[in-house]
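> Okay, here's the structure, questions in a sec.
The values are calculated or read from the model by the stated rules, or taken from the named source; none is laboratory data. Keep in mind the model is a prediction, meaning the values are calculated, not measured. Please note: Cβ atoms are built from the backbone with ideal geometry, for glycine as well, and neighbour counts cover all protein chains shown. Please note that ligands, DNA and RNA were not included when accessible areas were found on the heavy atoms of the full protein model with its side chains. Shrake-Rupley method; radii C 1.70, N 1.55, O 1.52, S 1.80 Å.
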Amino acid sequence: MGFLQRSANMVTYEWRRALAKKKFYVLVILTLVLQIGLFALFSYFFTNPPPGFVGSPLEEMKASMWLVGVLGLQGLFIPLIAIVIAGGSMSEEYERGTADILLSKPITKMEYMTGKFLGGLSLLGFVIVLITILGTTLAYGLFGPQESIQFVPVIYLVLLYSNLLFFSMTFMFSEVFRRTTLSIMAVIGIFVASLFIGGILSMMHLMTQEQLYLEISKWLPNWSVSNLPSFVASELITAPESPFVSVPGGDIQLAAAIIAVYTIASILIAALKLVRSDVTKRTG
Amino acid sequence: MSPQSVLAVSNLTKFYGDFKALDSVSFAVEKGWIYGYLGPNGAGKTTTIRTMLGLLRPDQGEVQIDGVNPAKNPVHALKSVGYAPELPTLQTFFSGEQLMEFIGKMFGLAAQARKARIKQLLDLVGLKEWGDKKIGKYSKGMVQRLSLALALINDPLVLIMDEPTIGMDPEGTAHFRNLFTSLSKEGKTIFISSHLLDEVQRICTHVGMINKGKMVFNGLITQVLETFTKQWVIEAELKTVTKTMITAIKNLDYVEDVKVDENKLRIELKEKKDLRGEISSEIFKRKGVLLSLNLHKITLEDAYLRALKGDQ
Ligand SMILES: Nc1ncnc2c1ncn2[C@@H]1O[C@H](COP(=O)(O)OP(=O)(O)OP(=O)(O)O)[C@@H](O)[C@H]1O
Ligand SMILES: [Mg+2]
């Protein structure tokens, strides 16, 4: 038994833990239903186009509807699922007093944390697979053959990578606060604040034409998370007029780097806290 | 502390904030012992145990299990340790079997060995019919039983249990008491915490007493009496007690002190000797009417209470 085996065993444990939550199923089902609803709306729009909205642009839109299916939920719903999975990951073991059972066994705290982190992340990856498959299938079924479909796997990986940010941040709060509700609320708070501040900054930018506001807003956690997948998509799909890949001047490297910075910082803080403190009981 | 001590705790000090929960606690447990760790509520038993397992970080001191520090090398130190926490809370989303399966994997047990062991242990703790039920449906005593089965899954050489029979029915308590004794006969080392002297007295070979974070006694159970008993006591009931009678008895060379409770005298002797004859003739000499006379050797219970008060 080595590091990998012991961590892998924790991965399966973490699946069981997260899958025992009703909250998780509710959110996943809600997300998938929303995706279907979104497509139903578009389908209605295409069959009953408003006047002046006919012809070839419409056909072009139809051919890249898979992107809507895959990327449409990135801004809000996938991060929410990430937050719910990671929120109880560390804290629940303290709240329930089950951390004692796990950490009194031959396993290091690092193996324990690695297993929990990768367990939650792989579960999130699985949910994103569901969303991706449903999105592309619906696009095919409702709007016929899709263009650039070969990029689905790359877009999938970029989605997963982008969601590392809020996943790790929640995971970190889960270990630092050791309270599930508090850590989920904290990250949702950060998420909302980040949206809000981002809005203010871009308004200031519009009013003053000052570039600095825009640069600052990019470091808010949700900018990179919600934009990286579409930046990559627009880079990959050489259809500049493609209507859904509309963010110009997307800075892929910057977004990827910001995600990495937040993720690594979160993991380090969580690891430090775990190693340097007592295993507590019943903080909830 | 010999180099081969199975459990060695030295100068353990632990603070919770400003509160000193353990004050330089030291003891060693050798192979085959059943060590009773005795102390009242809040004494620091659970704190000691959780520090021994590396769950709590001591402010000072060190723990070694078979020579390895579990806080530094848990993989090595804890592989042959079984631990049953105080009032365990187990993963309610697992069934008993599933949790045992998972913990078995944590110990690196092979699939075949796991299966057999799980079946055998569920049977041993009286949960044969409950193995496939979710732990969320277990009663308190059943969770306690499962927790003890979990502590045995790796066939541990050292068994550390924090008040293992709390919340268990008398039949269960007796069953596990026998189990612990037979495990110790197989050569396993057992560390058991309790606030019940009776429990410790029944099965333990050695005892450590802790009070307010300090060790007050550490040694053979048979030595507890020796250490904390300086004297025996004679209780005499008289028809009437007079001041002169009290002074006269107090002045006898072999009497340490006399306490009066209405017509009863509690005569504390200076030594461990049956001096009822001497006392009764003293009383008769002074025309006292003796109703009853009892020799009271101090019990382990008294010794324990004395140890806790610190009047060694
Ligand atoms: N997490 C904590 N934070 C602050 N104080 C604590 C904490 N855990 C325990 N204590 C305090 O430390 C002291 C020792 O507690 P501990 O649980 O070790 O006692 P114990 O001997 O196991 O008692 P019991 O017989 O009730 O189980 C108590 O005074 C308790 O209040
Ligand atoms: Mg206790």
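> Pairing the Cα long axis of helix B:96-106 with the longest principal axis of chain B, what angle in degrees results, from 0 to 90 and rounded to the nearest 10?
In chain B, helix B:96-106 runs at an angle near 80 degrees to the longest axis.
> Could you tell me which of rounded, prolate or oblate describes the protein assembly as shown, using a ≥ b ≥ c as the square roots of the eigenvalues of the alpha-carbon gyration tensor, with rounded for a/c under 1.5 and, failing that, prolate when a/b is larger than b/c and oblate otherwise?
Numbers: a/c = 3.48, a/b = 2.84, b/c = 1.23.
Prolate, because a/c is 1.5 or more and a/b exceeds b/c.
> Taking the Cα centroid of the stretch B:259-284 and of the stretch A:188-223, what is the distance between the two, rounded to the nearest whole Å?
Cα centroid of the stretch B:259-284 versus Cα centroid of the stretch A:188-223: 90 Å apart.
> Expressed as a rounded percentage, what relative contact order does chain A have, with Cα pairs under 8 Å and six or more residues apart?
Details: 335 pairs, mean separation 77.6, N = 284.
Here the relative contact order equals 27 percent.
> Looking only at other chains, what is the average number of their beta-carbon atoms within 10 angstrom of each beta-carbon in A:104-116?
Per-residue shielding by partner chains comes out at 5.
> A further question follows. Is the shape of the stretch A:128-222 rounded, prolate or oblate, going by the alpha carbon gyration tensor and its root eigenvalues a ≥ b ≥ c, with a/c under 1.5 for rounded and a/b larger than b/c for prolate? Please report the intermediate quantities before stating the final value.
Working: a/c = 2.71, a/b = 1.28, b/c = 2.11.
Oblate.
> With every protein chain left in place, what is the accessible area per residue of the protein assembly as shown in square angstrom, probe 1.4 Å?
Numbers: 27240 Å² over 596 residues.
In whole numbers, the protein assembly as shown has 46 Å² accessible per residue.
> Considering only DSSP beta bridges with both partners in the protein assembly as shown, what is the antiparallel share in %, to the nearest 5? It would help to have the intermediate numbers written out before the result.
Values: 37 of 55 bridges.
So the antiparallel bridges in the protein assembly as shown amount to around 65 percent.
> Could you work out the mean count of beta carbons from other protein chains within 10 Å of each residue's beta carbon in A:167-178? Mind showing how you got there, number by number?
Values: counts 0, 0, 0, 0, 0, 0, 0, 0, 0, 0, 0, 0.
Mean partner-chain Cβ count within 10 Å for A:167-178: 0.
> I would also like to ask the following. Sorting check: for B:281-291, A:28-38, which peptide has the highest mean count of neighbouring beta carbons within 10 Å, and how do the rest follow? If you can, show how the numbers build up before the last one.
Details: B:281-291: 13.0, A:28-38: 14.8.
So the peptides B:281-291, A:28-38, ranked by packing, come out A:28-38, B:281-291.
> With the cut-off at 1.5 for a/c, could you classify the stretch B:70-140 from its C-alpha gyration tensor as rounded, prolate or oblate? The partial results should precede the final answer.
Working: a/c = 2.08, a/b = 1.39, b/c = 1.49.
Taking the square roots of the gyration eigenvalues as a ≥ b ≥ c, the stretch B:70-140 is oblate.
> Ok, one more. Alpha carbon centre of the stretch B:9-68 versus the stretch A:23-40: separation in Å?
52
> Are any of the pairs A:Lys116/B:Lys105; B:Lys31/B:Lys309; A:Lys23/B:Lys137; A:Lys105/B:Lys128 more than 26 Å apart by Cα-Cα distance, and if so, which?
Numbers: A:Lys116/B:Lys105 16 Å; B:Lys31/B:Lys309 31 Å; A:Lys23/B:Lys137 21 Å; A:Lys105/B:Lys128 24 Å.
Violating the 26 Å limit, Cα to Cα: B:Lys31/B:Lys309.
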